[in-house]
1. In this structure, is Lys145 away from the ligand (no atom under 14 Å from the Cβ) and either farther than 28 Å from Leu409 by Cβ or touching a residue at least 60 places away in the same chain (Cβ under 8 Å) (or both)?
2. Somewhere in region 326-348, is a residue in contact with a strand residue (DSSP E or B) (Cβ under 6 Å, 6 or more places away or on another chain), modelled with pLDDT of 95 or more, within 18 Å of Lys384 (Cβ to Cβ) and of a type in the set (D, E, K, R)?
3. Does region 338-368 hold any residues that are touching a residue at least 40 places away in the same chain (Cβ under 8 Å) and more than 21 Å from Cys163 (Cα to Cα), and which are they?
4. From Lys109, Lys105, grab the single residue that is more than 25 Å from Val177 (Cβ to Cβ) and out of contact with any Leu (no Cβ under 7 Å at 6 or more places or on another chain).
5. Lys306 - would you say it is without any contact (Cβ under 8 Å) to a residue 40 or more places away in the chain, at negative phi and out of contact with any Lys or Arg (no Cβ under 8 Å at 6 or more places or on another chain)?
6. Can you pull out every residue in region 380-431 that is assigned to a strand (DSSP E or B) and among the hydrophobic types (A, V, I, L, M, F, W, C)?
7. For region 290-309, which positions are within 16 Å of the ligand (Cβ to nearest atom) and farther than 14 Å from Pro279 by Cα?
Amino acid sequence: MNYFIITYGCQMNWSDSERIAMVLKKIGYKQTSNENEADLMVINMCSVRQSAVNRVYGKIENFAKSKNILRQKNSKILLTGCILEKDIRNFKDKVDYILSIKALKHWSKFLKKEEYFYYPNQRDLEFNKKFNLKYFKTYPWYKNKFSAFVPISTGCDNFCSYCVVPYLRGPEISRPVEDIISEVKNLVQKGYKEIWLLGQNVNSYKSQIPARNASLRSRSDAGGQNSKLLNFSGLLKLVNNIPGDFWIRFISPHPKDFSDELIKTMAKCEKITSYLNLPVQSGDNKILKKMNRSYTVEQYKKLVKKIRKEFIKVRGKDILFCLTTDIIVGFPGETKKQFENTVELFKEIKFDMAYISQYSSRFGTAAFNLEDDVAQKEKKERDKILTEILKKTALENNKKYIGREVKVLFEFEKSGWLIGKTKEYKTIKLKVKSCKLQDFIGKFVKIKITEADLWGLKGEVS
Ligand code: SF4
């Protein structure tokens, strides 16, 4: 029996797909690279954006059409991931299984049935009690040999008014610190060079260090000597203390949970990269309030200033710090004047990159009840305006790299170019000449930057 997994959505879904692969492997399925040969097609979907849901519809339709021509006759479709209740209702008669990712440990049982639907309310207390720890305990089958996603928490309790994640991922639960440390240690021993700590709100991480783990207790100083309640800053210190040459990255932090202690830890721990994605979402206080983001533009700006200052203080004035953000344009009621405030923020902060979304309402969220009154054309225009500013600031920031020597982790080769990322998460291209790819891909290499454009850098081996 063969399986094929299609993944949509964020890094958390990609990480989950690695766990799904391991579970299927254990049951006896074999991975196929041709979806038409699959006996089981797993679609790890994401209801966060309607466009992603539409893609799933398209995929299922194509799959159904080819059933008697190309596809294995008795092949099945399994839907999992972050699925809104209304999408579950719509997909139910189109697929064979809809299974909650948190119940992954039980999939072998469910897959013995002809068809099965198990997707309880993801915020249900009993459901979460029963499955959360088991979900974290499922070991992944890592796709990449040098960069790994390590979930540290799942779920969210912030309820930003536009976001469906708290309903789809359930309440925020932190993974036990012992499991995280053991997974990272294992990866580093195998030679992994990049560890991504994942969570919907990483910096509200909390974990009790068990009394039986004296060594972990003694190595952790966060949360005070007596409490032994570890926060995100404490977790970062523990991960940083793992011996080995590797980078630590994390996603996504929330500005409201960014403490001074965390800023100091980030700057001090040498394995933590000088890169941060800090979602701002809007540059206007009234809109931020409507979004239920719990900070003001002034607080965000102050936070950015502090972070940049601390990195310069600890890592030296020549440090280059890369800051990216997420932003939504055309939130309900966003006036031209309010959007202008976002424009001002963009000009002032000079982001290296911004992931810009044009607002689209999602059923079940608080903002769904607000009138989606900014015209699509206007949303597009606002997106364009921010992109133009971004092009200028990104180019300006990238030019600062010219002439510098940077450490790069190369990821793959494409059309005669080696593509990698610098410590600051800048994309870099290196012309493949006579170099052996195996000496570069998955390795740290020192590169001298020779050129910079809008979205990245070019260099040569130094
Ligand atoms: S912090 Fe807000 S935007 Fe992020 S996952 Fe939670 S509710 Fe969604």
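The values are calculated or read from the model by the stated rules, or taken from the named source; none is laboratory data. Being a predicted model, the structure only gives us computed values, none of them experimental. Reconstructed Cβ throughout: ideal geometry from the backbone, glycine too, with neighbour counts over all protein chains shown.
1. yes
2. Scanning region 326-348, I find at least one residue that is in contact with a strand residue (DSSP E or B) (Cβ under 6 Å, 6 or more places away or on another chain), modelled with pLDDT of 95 or more, within 18 Å of Lys384 (Cβ to Cβ) and of a type in the set (D, E, K, R), so the answer is yes.
3. Asn341, Val343, Glu344, Leu345, Phe346, Lys347, Glu348, Ile349, Lys350, Phe351, Asp352, Met353
4. Checking each option against the conditions leaves just Lys109.
5. It is false that Lys306 is without any contact (Cβ under 8 Å) to a residue 40 or more places away in the chain, at negative phi and out of contact with any Lys or Arg (no Cβ under 8 Å at 6 or more places or on another chain).
6. Selection gives Val406, Val408, Leu409, Phe410, Phe412, Trp417, Leu418, Ile419, Ile428, Leu430.
7. Listed by number, the list holds a single entry, Lys290.
Residues checked against (1) surrounded by fewer than 21 Cβ atoms within 10 Å (Cβ to Cβ); (2) part of a helix (DSSP H, G or I); (3) more than 24 Å from the chain's Cα centre (by Cα):
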| residue | (1), (2), (3) |
| --- | --- |
| Lys286 | yes, yes, yes |
| Phe331 | no, no, no |
| Val343 | yes, yes, yes |
| Ser357 | yes, no, no |
